[in-house]
Amino acid sequence: TAKLSPEQVLCQLRKKLDFRMITASDGPFNTTEWETYLPKKNISMELGKLGRCAVVSSAGSMKQSHLGAEIDSHDAVLRFNGAPTKGFQVDVGEKTTLRLVNSQLITVEEKKFITDVQYNFGTIIVWDPSPYHANIDEWFRKPDYYFFESYKHYRKRHPKQPFYILNPFMQWQLWDILQENSPEDIQPNPPSSGMLGIVLMMNFCDEVDVYEFLPSKRQTDICHYYQKFFDQACTLGAYHPLLFEKNMVKHLNQGTDEDIYNYGKVTLPGLRKAQC
Ligand code: NCC
């Protein structure tokens with residue numbers, strides 16, 4: 001199959017991805033109880049139209065990058081899971097506009113999630129690996145992690161902080177696009193938080209700079225910039241189709257190879273700009 005051009009892939013992302021968050025009108029969430037927990041404001045209204053955005057991967061190669069000031073110069077910054085800023089400002093910055101967390105983090109590490117003040121900034125979005133193209137009812141009955149109780153606990157303690165649940169369709173719509181643009185069969189597991197966050201920001205922003213998703217000259221087997229833990233799979237993937245995600249992001253890059261080498265930096269256009 002002929003490789004689609006970057007413009008064609010952007011159109012696929014724009015046309016095929018459902019960027020909606022769960023609302024109280026979505027099937028099983030249609031109860032008076034859920035209505036009190038789910039944010040009433042549409043996330044696009046909450047965030048407004050964003051200009052230049054930064055996505056900060058949690059990779060070990062963020063260490064010694066000195067990218068903090070550049071990252072903070074963006075209008076909005078997205079971080080993942082438990083990635084801290086405190087103590088790492090010089091390399092990763094301190095602004096957090098959005099945090100994308102997986103359902104495992106908020107369930108297995110619930111106590112930390114509820115009490116650690118680092119989660120109290122900006123807007124949070126949680127996602128859960130759903131069965132392939134499951135509908136909302138199927139997913140609600142059989143989520144990968146039963147994160148709904150920790151979501152409610154957090155919402156009770158921080159009712160004013162915007163905290164959304166990503167619809168379960170988007171991950172598989174994105175997976176389909178990854179598969180269609182990959183020369184081999186990819187593993188039938190959902191994309192990483194990193195890839196989901198990148199396309200979310202492409203939806204909200206005019207332009208997205210992604211840091212250390214494509215590794216720079218600082219590439220390392222240290223999994224995270226904030227932990228002493230070595231594992232090659234963190235960068236290349238085992239469960240998530242990370243390698244294929246990274247190939248697609250490379251294909252869409254509008255920046256230079258020097259920026260990748262020096263800063264692990266990739267520049268992607270917002271989907272609003274896509275000419276379909
Ligand atoms: O490690 P994790 O991801 O939180 O990293 C966030 C995103 O950064 C990109 N990344 C990370 C490390 C690295 N060396 N290179 C990278 O490119 C990836 O895009 C990654 O998605 C996840 O995707 O949600 C993941 O979450 C962790 C873990 O659940 C959370 O950190 C919470 O503790 C998973 N690790 C384990 O389950 C052990 C990881 O597989 C995926």
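The values are calculated or read from the model by the stated rules, or taken from the named source; none is laboratory data. Remember, it's a predicted structure, so these values are computed and weren't measured experimentally. Cβ: placed from backbone, ideal geometry, glycine included. Neighbour counts: every protein chain shown. These accessible areas exclude ligands, DNA and RNA; they are computed on the full protein's heavy atoms, side chains included. Shrake-Rupley method; radii C 1.70, N 1.55, O 1.52, S 1.80 Å.
With both labels modelled 7 Å from their Cα along Cα-to-Cβ, the D72 to E35 distance reads 4.3 nm. Per residue, the accessible area of the range 148-213 comes to 32 Å², computed with a 1.4 Å probe over protein heavy atoms only. What a 1.4 Å probe finds exposed on the chain is 51% carbon and sulfur by accessible area, rounded to a whole percent. For a straight C-alpha distance cut-off of 30 angstrom, the lysines reachable from K41 (same-chain residues fewer than eight places away being disregarded) are K15, K16, K49, K86, K95, K111, K112, K142, K152, K156, K160, K273. Rolling a 1.4 Å probe over the protein heavy atoms gives the range 17-77 an accessible area of 48 Å² per residue. For K273 and L243, the difference between the fully extended length at 0.36 nm per residue and the C-alpha to C-alpha distance is 8.2 nm.
Could you pull out the chymotrypsin sites (Phe, Trp or Tyr not before Pro) across the range 52-113 that fall in loop regions by DSSP (anything but H, G, I, E, B) with no more than 13 other Cβ atoms inside 10 Å? List each step's numbers first, then the result.
Numbers: sites: F80, F88, F113; in loops: F88.
Hits after loop and neighbour filter: nothing returned.
For the range 83-124, which trypsin sites (Lys or Arg not before Pro) pass both filters: DSSP loop (anything but H, G, I, E, B) and at most 13 other C-beta atoms within 10 Å? Show your work: numbers first, answer last.
Values: sites: K86, K95, R99, K111, K112; in loops: K86, K95.
Counting only loop positions with at most 13 other Cβ atoms within 10 Å, the trypsin sites (Lys or Arg not before Pro) in the range 83-124 are K86.
Residue ranges 115-127, 161-173 sort as 161-173, 115-127 when ordered by packing (mean number of other C-beta atoms within 10 Å per residue, highest first). Go ahead and collect, in residue order, the members of the range 54-69 whose backbone nitrogen is under 19 Å from a label point 7 Å along the Cα-Cβ direction of Q232. Under 19 Å, as judged by backbone N against the label point of Q232, lie 59-61 of the range 54-69. Straightening the chain between L4 and Y146 buys 47.3 nm, computed as 0.36 nm per residue apart minus the Cα-Cα spacing.
Each residue of the range 270-275 was assigned a 3J(HN,Hα) from its phi angle through the Karplus expression (A = 6.51, B = -1.76, C = 1.60, θ = phi - 60°), giving x, 6, 4, 7, 4, 9 Hz with x at Gly and Pro.
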